[in-house]
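Worksheet for the structure shown next.
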Amino acid sequence: MSADDLTPRQTEDGLHPEVHAPSDESARGPGGERLQHAEAASKPIRADAPREPQPRGAKVRGNRPIDQAEAAERFLAAPMHQKAHDERLWDVRRKRDVAAHGIPEWEELREIASQIKTHTLTHLDHYLEQFEAAAKANGVHVHWAEDGAEHNRIVLDILRKHGATSLVKSKSMLTEECGFRHFMAAHDIDVIETDLGERIQQLDDEEPSHVVMPAVHKTRLDVAEVFARTLGTDPDNDDAHYLAESQRETTRPLILKADAGLTGCNFAIAETGTVVTCTNEGNADLSGNVPPLQIHSIGIEKIIPRVEHLGVFIRLLSRSALGSPITQYTSHFRGLRPGTEMHMVLVDNGRSERLAMEEFWTSLKCIRCGACMNTCPVYRRSGGLSYGATYSGPIGLIIDPTFNKRKYSTLPFSSTMNGSCTNVCPVKINIHEQIFAWRKVLAEEHQIPLLKQGMMKAAGAVLSRPSAYRAAIQTADSALRILPRFAVYNPANTWGKKREMPHAPRQSFHAWYRRNRMKKGSDA
Amino acid sequence: MSARETILARLRANRPAGDFPLPEVPTFEPLVGDDLVAEFTERLGKMGGRVERAGSPSDPFAPVRSRLDGAAVIASAVPEFSGNRDLAALAGPTEVNDVDVAVVRARFGVAETGSVLFTQDDLIVNAVAYLAQHLIVLLDPADILVNIQGAYKRPEFGQAAYAVLHTGPSATADIEGVLIHGAQGVRSLTVLLLQRKKQAA
């Protein structure tokens, strides 16, 4: 028998023993075996009492550049949150590795997925027209929105025509981009999120911090506090089953009486006009199948040509995201239920402009799995909300500046450039190279602070000439050995914060190689 | 110019230079052994579902009898079992909210993942597969496909108004990674391996 073993090797102790819980409440199979599908942790991870206030996200001040480092510092100053977050995401990353390694053709699948996406993006006009024609033939109303504001207006118009005042929705990063909830609240439309994590975030008036696990930065104690305040649950009961059940019981009546339902879209199939959603809770299916009015919001880059291509993407998505072979529900909405109305809104919101950016257009291949976030050392230690943007983590660093170069000008610097994001990306986006390219663009356009500009200019001069680089390394290594702490760990050296600089080797690799391997001493 | 025309014009004007052909997708080797029932059973088990073999011809539902006996409202979408809530006679999907157990038949299963497929025609009322507390799924062992790639060659995806792959019950681990069944939808999913009745000619 060869069923995927989803358990990361238990010989690895994880990162933070402090957050390993002795007790385990996760669901079990009939034989008593511990289950770990969906976004379940492979072992109990628990940020225990005493209660530590949840660190909040970046301070957003209009168009001013987000100070991610400042918010990250506050996250690091909350050790229980930081450790639980780090541990949990690293666990998901390891589950992803196990799932990926279980498929011999994994690398081939990534390459094919990447090629399907680049092909579709470079023929998007054709495939969008095909999708529209197919959807119309299925009896669906198709709308086009140039930006988020137009998307919101279109949906509001549909709701008004039906006299609808309440809407249940499943998680959708596109609607986050559009500021959908805030817009609808201002127009007296009651919007109810139906994904548990997203509902927690809605009730706490926070944005999602992760594309797949919106409340992953919160501990159970935080959730207990939010639910006690908003749903009237027992503030002293932080049992995860009790909290989840309370949410189910309070959301169900809202689903039943909702006038309309809205879902996002993971994949839109051009040949059939189908919207595909992938969820673990079945909440997209409730949103799409219970209310009499059904709306699907679709980012135009979500198109893929044919149904058979799902055989590539569905195999990659959940394995990359959570290490599960598939989500609990993979749903294909194509046509109407009897007596209902179905709308699809195709949203551009900057995507067609991004297509013109030679170095950055392939970021449109993204299928929002979150693998790059889980693997990123900066993201795991700073939390998604520290980015102050709809998209956080490595993919956010390269997408956010396309929305606002000034506001998100600092984000591409929140990376160690280790390249792990690129290696786990299921559609082979060269994320770390694009992060570097953004740094160049932002420097050339004077969008970055003077200190960083000076440092980059100096680094550029040194890195472009091997002899200068070697001289600098020798100097820096000597300097690290002899400089007093205050000279290395000062505010000008952001890399000295919250970590020790590496011990400098007595001899650089180059010097060692010259002495031991290059007898002739030629400097080729 | 309409938003549609503006977007399409921009996509044409901004098309990246280069040739990007649509790749052929090769047929990959199955990752499962020959015993599809065993593979399906093990994989669905890992996703939180259960698989039971049908009981004797006189009582094929014996393995799920305790679940059925404990239910006040049973909605059946299959001829093999009569429930007490007629799905075809309902005015709307909210009327299945009090269903304890729904009995439905899957078009096919997928061994690679332990998934089952339903279409709108199979469910009669789509919402019953989510609003019910528990789901019992009839699956003919002969209807188990090898893998997801094979599943997406089936015609249902191009024909059904709604088609959905279920792989276990509704689940969440949004709170500290603690896995919980019955997030918003069904609390359990049990597949009963039961041959389809031969259609009368």
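The values are calculated or read from the model by the stated rules, or taken from the named source; none is laboratory data. Since this is a predicted model, take the numbers as computed values, not measurements. Here Cβ is always computed from backbone atoms with ideal geometry, including for glycine, and neighbour counts include all displayed protein chains.
When the range A:403-417 is limited to residues that are over 18 Å from A:Val211 (Cα atoms) and assigned to a helix (DSSP H, G or I), the one that is nearest to the chain's Cα centre (by Cα) turns out to be A:Pro412.
Give the number of residues within the range A:94-118 that are within 11 Å of chain B (Cβ to nearest Cβ), out of contact with any Gly (no Cβ under 7 Å at 6 or more places or on another chain), touching a residue at least 12 places away in the same chain (Cβ under 8 Å) and not in a loop (DSSP other than H, G, I, E, B). Spell out the reasoning first.
The initial filter retains those residues of the range A:94-118 that are within 11 Å of chain B (Cβ to nearest Cβ), namely A:95, A:102-106, A:108-109, A:111-118.
From what's left, out of contact with any Gly (no Cβ under 7 Å at 6 or more places or on another chain): A:102-106, A:108-109, A:111-118.
Okay, now just the ones that are also touching a residue at least 12 places away in the same chain (Cβ under 8 Å), so A:102-103, A:109, A:111-114, A:116-118.
Filter again for not in a loop (DSSP other than H, G, I, E, B), leaving A:109, A:111-114, A:116-118.
Final tally of qualifying residues: 8.
It is to be established whether one or more residues within the range B:44-63 are within 12 Å of chain A (Cβ to nearest Cβ), surrounded by fewer than 17 Cβ atoms within 10 Å (Cβ to Cβ), out of contact with any strand residue (DSSP E or B) (no Cβ under 7 Å at 6 or more places or on another chain) and closer than 26 Å to A:Gly323 by Cα. Scanning the range B:44-63 turns up no residue that is within 12 Å of chain A (Cβ to nearest Cβ), surrounded by fewer than 17 Cβ atoms within 10 Å (Cβ to Cβ), out of contact with any strand residue (DSSP E or B) (no Cβ under 7 Å at 6 or more places or on another chain) and closer than 26 Å to A:Gly323 by Cα.
Entry remark, the range A:341-392: residues being among the hydroxyl-bearing types (Ser, Thr, Tyr), closer than 20 Å to A:Glu70 by Cβ and buried (at least 24 other Cβ atoms within 10 Å of the Cβ) number 6 in total. Being closer than 24 Å to A:Leu364 by Cα, within 10 Å of another protein chain (Cβ to nearest Cβ), in contact with a strand residue (DSSP E or B) (Cβ under 7 Å, 6 or more places away or on another chain) and crowded, with 19+ Cβ neighbours inside 10 Å is a description that does not apply to A:Leu196.
Of the residues examined, B:Thr41 is not one that is surrounded by 12 or more Cβ atoms within 10 Å (Cβ to Cβ), at the interface with another protein chain (Cβ under 7 Å from one of its Cβ atoms) and not basic (Lys, Arg).
A single entry from A:Leu167, A:Leu121 fulfils the requirement of being in contact (Cβ under 8 Å) with a residue 60 or more places away in the chain, crowded, with 18+ Cβ neighbours inside 10 Å and either within 30 Å of B:Leu179 (Cα to Cα) or among the aromatic types (Phe, Trp, Tyr) (or both): A:Leu167. Being more than 8 Å from chain B (Cβ to nearest Cβ), under 19 Å from the mean Cα position of the chain (by Cα) and of a type outside the set (D, E, K, R) is not true of A:Phe227.
Take A:Ser297 and decide whether it is more than 10 Å from every other protein chain (Cβ to nearest Cβ), touching a Ser or Thr at 6+ places or on another chain (Cβ under 8 Å) and buried (at least 24 other Cβ atoms within 10 Å of the Cβ). Here the answer is yes, as A:Ser297 does meet what is asked.
Among the criteria (1) more than 21 Å from the chain's Cα centre (by Cα); (2) surrounded by fewer than 24 Cβ atoms within 10 Å (Cβ to Cβ); (3) at pLDDT 95 or above; (4) not polar (S, T, N, Q), the one A:Ile303 does not fulfil is (1). Residues in the range A:208-223 that are of a type outside the set (S, T, N, Q), facing another protein chain (nearest Cβ under 9 Å) and buried (at least 24 other Cβ atoms within 10 Å of the Cβ): A:Met213, A:Pro214, A:Ala215, A:Val216, A:Lys218, A:Val223.
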